[in-house]
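Peer 1: Supplied in C-alpha cells, the structure appears directly below.
The values are calculated or read from the model by the stated rules, or taken from the named source; none is laboratory data. Owing to the predicted nature of the structure, the values given are computational and were not obtained by experimental measurement. Neighbour counts run over all protein chains shown; Cβ positions are idealised from the backbone, glycine included.
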Ligand SMILES: Cc1ncc(COP(=O)(O)O)c(C=O)c1O
C-alpha cells in the first residue's frame, strides 16, 4: 500500500470516540450543540432562496449582501473594524480556523493554545505540520496564566489562539486579560487568532471583548466566529472570518481554490439570521441556558466528590472529578456503562486530566435526570 502523509498517521482522534450517539436510554451530555431547532424564519429564508434558483456558483467570499450584514454585525456589536470586503464566509468556523492557521503559519511554527483547549486546534495544527504548545490555564478558574504564556514563547512561536467564552472550560476572559494577551502578541510580534464562536453566550458581568477592537489589535487579530452556536445552526455549516487585509486576501485565494464558497442558498439564510427579528429567538435560547447552568451548578455542588469552577460562558461545565480517585477516562467509561450518562473525559484533551466536560445545552429534564444518575451512581459505589 502506498503511504499516506506521515503527519496524518498518528493524528489524535480528539474527543470523537466519546461523541458517538449512545443507546436511547443514555443521557447525552457530550455534544456541543444548542438543544433547540433553528428558528423557522431562517429555514424559510433558505427554502425561498432555493426556490428562487440560487443554486449556481457565486461570489467566493460570500454574497456581498451577507458580507455586508456580517461586517455590520461585527462592527456594531463588537467594535471590530470590519468592512464587507474584509469578510469571508466559510463552511463553519472550523474551516475558517483551518484557513487561518494555513494563511498565518509556516510548517514548523509553534502555536500557543491555552490548555485545556478545544481539541480541533491541536489536530488542525498537526495536520499543517505546526507544533501546538499547550500552556496550562489556572486550574481554579480556567483563566489564562499570562506569565506562563510569555515564558512559553520561543523564536518559533507564530500565534496565540484565544477562545473566550471557552470550550471546554466555560471561562470568559476578563477585559484586562484580553488586553494583556494582545500586549503579549504585540511585544513578540505574534498573530492573535480569536475564536469568538460563543461570544453571545456570556453569563458574566463584563461584556465580551474582541482583541480586534482594541488599539493595536486590528492589525494582528483574526476573528473567527459563526452561526452554529448563537442561532442553533450547527448542521448548516456557516462561519465567518475577519482579519487584516493581507490575511483576507490570501484567504480569499485559499477558499476559492479549496471549496469555492458555502452553498449559495444558505447565504440568504445566514443573512436572515442577522435580522433583528431573530434576536427574540436568541434571547429565549439565552434565558434557557441561564436556567440550565444554574441547575448544573446546584446539582454538581450537591454531589459529594465533584466540584466545578463557575461556568462563565458557552454551555459547558468542566467538572473536577479528582476526589473520586478515578481518572477521567475511567470515570466517563463507568458513568456511561453504570450510570447511563455520556460525558467527555478531560484526559482526552491536553491539560484536562482530572475533569470531565458536561454540555448543559440539553433540556432541563435531561439535566436533572443526568445529575440524579451521577449522584446515585457515585453514592452507591461510595465514591
Ligand atoms: C471553540 C469552538 N470553535 C469552533 C467550533 C466550530 O464551530 P462551527 O460549527 O462553526 O464549525 C466549535 C464547535 O464545537 C467550538 O467549540
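Peer 1: Any residue at all in segment 62-74 that's part of a loop (DSSP other than H, G, I, E, B), within 26 Å of the chain's Cα centre (by Cα) and more than 18 Å from residue 230 (Cα to Cα)?
Peer 2: At the first step, the residues of segment 62-74 found to be part of a loop (DSSP other than H, G, I, E, B) are 62-63.
Now restrict to residues that are within 26 Å of the chain's Cα centre (by Cα): 62-63.
Next, only the ones that are more than 18 Å from residue 230 (Cα to Cα) stay: 62-63.
Yes - at least one qualifying residue is present in segment 62-74.
Peer 1: Then there's this: Within 22 Å of residue 62 (Cβ to Cβ), buried (at least 24 other Cβ atoms within 10 Å of the Cβ) and within 16 Å of the ligand (Cβ to nearest atom): does that describe residue 160? Spell out how you get there, then give the answer.
Peer 2: On the way: within 22 Å of residue 62 (Cβ to Cβ): no; buried (at least 24 other Cβ atoms within 10 Å of the Cβ): yes; within 16 Å of the ligand (Cβ to nearest atom): yes.
Considered against the rule, which asks whether it is within 22 Å of residue 62 (Cβ to Cβ), buried (at least 24 other Cβ atoms within 10 Å of the Cβ) and within 16 Å of the ligand (Cβ to nearest atom), residue 160 comes out as no.
Peer 1: With respect to residue 295, determine if the residue is out of contact with any strand residue (DSSP E or B) (no Cβ under 7 Å at 6 or more places or on another chain), in the same structural domain as residue 29 (by TED's automatic domain parsing) and in a loop (DSSP other than H, G, I, E, B). Outline the logic, then answer.
Peer 2: On the way: out of contact with any strand residue (DSSP E or B) (no Cβ under 7 Å at 6 or more places or on another chain): yes; in the same structural domain as residue 29 (by TED's automatic domain parsing): yes; in a loop (DSSP other than H, G, I, E, B): no.
No; evaluated as a whole, the condition is false for this residue.
Peer 1: Against the condition surrounded by 14 or more Cβ atoms within 10 Å (Cβ to Cβ), at pLDDT below 95 and part of a helix (DSSP H, G or I), how does residue 366 come out, does it pass? Working first, answer last.
Peer 2: Values: surrounded by 14 or more Cβ atoms within 10 Å (Cβ to Cβ): yes; at pLDDT below 95: yes; part of a helix (DSSP H, G or I): yes.
In short, yes.
Peer 1: Let me ask another. What number of residues within segment 137-173 satisfy the criterion of being over 17 Å from residue 118 (Cα atoms) and part of a loop (DSSP other than H, G, I, E, B)?
Peer 2: Residues in segment 137-173 being over 17 Å from residue 118 (Cα atoms) and part of a loop (DSSP other than H, G, I, E, B): 7 in total.
Peer 1: While we're here: Is there a residue in segment 48-59 that is touching a residue at least 12 places away in the same chain (Cβ under 8 Å) and within 16 Å of the ligand (Cβ to nearest atom)?
Peer 2: no
Peer 1: Taking the options 262, 193, 222, 197, name whichever one is within 16 Å of the ligand (Cβ to nearest atom), touching a strand residue (DSSP E or B) at 6+ places or on another chain (Cβ under 8 Å) and closer than 27 Å to residue 293 by Cα. Let's see the steps before the verdict.
Peer 2: Details: 262 fails: closer than 27 Å to residue 293 by Cα; 193 fails: closer than 27 Å to residue 293 by Cα; 222 fails: closer than 27 Å to residue 293 by Cα.
Within the list 262, 193, 222, 197, the selection yields 197.
Peer 1: Could you tell me whether residue 87 is more than 14 Å from the ligand (Cβ to nearest atom) and surrounded by 23 or more Cβ atoms within 10 Å (Cβ to Cβ)?
Peer 2: Numbers: more than 14 Å from the ligand (Cβ to nearest atom): yes; surrounded by 23 or more Cβ atoms within 10 Å (Cβ to Cβ): yes.
It is true that residue 87 is more than 14 Å from the ligand (Cβ to nearest atom) and surrounded by 23 or more Cβ atoms within 10 Å (Cβ to Cβ).
Peer 1: Do we have residue 257 as exposed (fewer than 15 other Cβ atoms within 10 Å of the Cβ) and under 22 Å from residue 43 (Cβ atoms) here?
Peer 2: Values: exposed (fewer than 15 other Cβ atoms within 10 Å of the Cβ): yes; under 22 Å from residue 43 (Cβ atoms): no.
So residue 257 does not fit the description; no.
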